[in-house]
Amino acid sequence: MRLFDAMGRERCLFCDRFIFDGDDVTRPASLGLSVHRHCYLRDAGLEGGAGAHPRTEATEPEDDEEDSGV
């Protein structure tokens, strides 16, 4: 991302990432600013799992039973 792409953009209060056009956002009256819907629901405890941010491609190593030492 180039610097001028981010200038003037809001940041999500919860994850500190920039909010771009097309992002799934909400604007709760209690906050008075736009935040990612995923972050807001997670922080409010309304989402089932903690989960990674939608823009984050989490690659977790698979558990290899042969190397577990058990």
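Contact annotation: residue pairs with Cβ atoms under 9 Å, 6 or more positions apart or on different chains, pairing a residue in segment 26-44 that is basic (Lys, Arg) with a partner that is surrounded by fewer than 12 Cβ atoms within 10 Å (Cβ to Cβ) and modelled with pLDDT of 90 or more, are Arg37/Asp24.
Put simply, of His38, His53 the only residue that is assigned to a loop (DSSP other than H, G, I, E, B) and either at pLDDT below 85 or not aromatic (Phe, Trp, Tyr) (or both) is His53.
The values are calculated or read from the model by the stated rules, or taken from the named source; none is laboratory data. Everything numeric here is computed off the predicted structure, so don't read it as measured data. Glycine gets a Cβ as well: all are built from the backbone with ideal geometry, and neighbour counts include every protein chain shown.
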